[in-house]
Amino acid sequence: MKVIIDENKCVGAGQCVLAAAGVFDQRDEDGIVVLLNPLPPDDLSAQVEDAAARCPALAIEVVK
């Protein structure tokens, strides 16, 4: 699995961080998503899929 984010779409809602804190974080200054691990381990796949589904801006793409 590979995770791709589009920072230009991100609205800083933080839903991705709530769903998969080991993969996503937010910049302090503006709340925009920060990708901590673009190739997360398989045991985080459910959380990453949940984070992508929760994103109100559709800024997360999961490539399998």
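The length gained by stretching the chain between Asp28 and Lys2 to full extension, at 0.36 nm per residue less their Cα-Cα distance, is 6.9 nm. Stretching the chain fully between Val62 and Lys9 yields a gain of 17.6 nm (0.36 nm per residue, less the alpha carbon separation).
Dipole check for the chain: with +1 at the C-beta of Lys and Arg, -1 at the C-beta of Asp and Glu, and the Cα centre as origin, the magnitude is about 160 Debye. In this structure the amide hydrogen of Val34, modeled in the peptide plane, comes within under 5 Å of the amide hydrogens of Asp25, Gln26, Arg27, none closer than 5 places in sequence on its chain. Counting Cα-Cα pairs of the chain in 5 Å increments starting at 0 gives whole-percent bin shares of 4, 22, 37, 25, 10, 3, 0.
For the chain, the solvent-accessible area works out to 60 Å² per residue, with a probe of 1.4 Å and every protein chain left in place. Taking every alpha-carbon pair under 8 Å whose residues sit at least 6 apart, the chain reaches a relative contact order of 47 percent. Counting protein heavy atoms only, the chain has 50 percent of its accessible area on carbon and sulfur, 1.4 angstrom probe.
The values are calculated or read from the model by the stated rules, or taken from the named source; none is laboratory data. What you see is a predicted model, and the numbers here were worked out from it, not measured in a lab. Every residue, glycine as well, gets a Cβ built from its backbone with ideal geometry; the counts of neighbours run over all protein chains shown. Heavy atoms of the whole protein, side chains included, go into the accessibility calculation; ligands, DNA and RNA do not. Shrake-Rupley method; radii C 1.70, N 1.55, O 1.52, S 1.80 Å.
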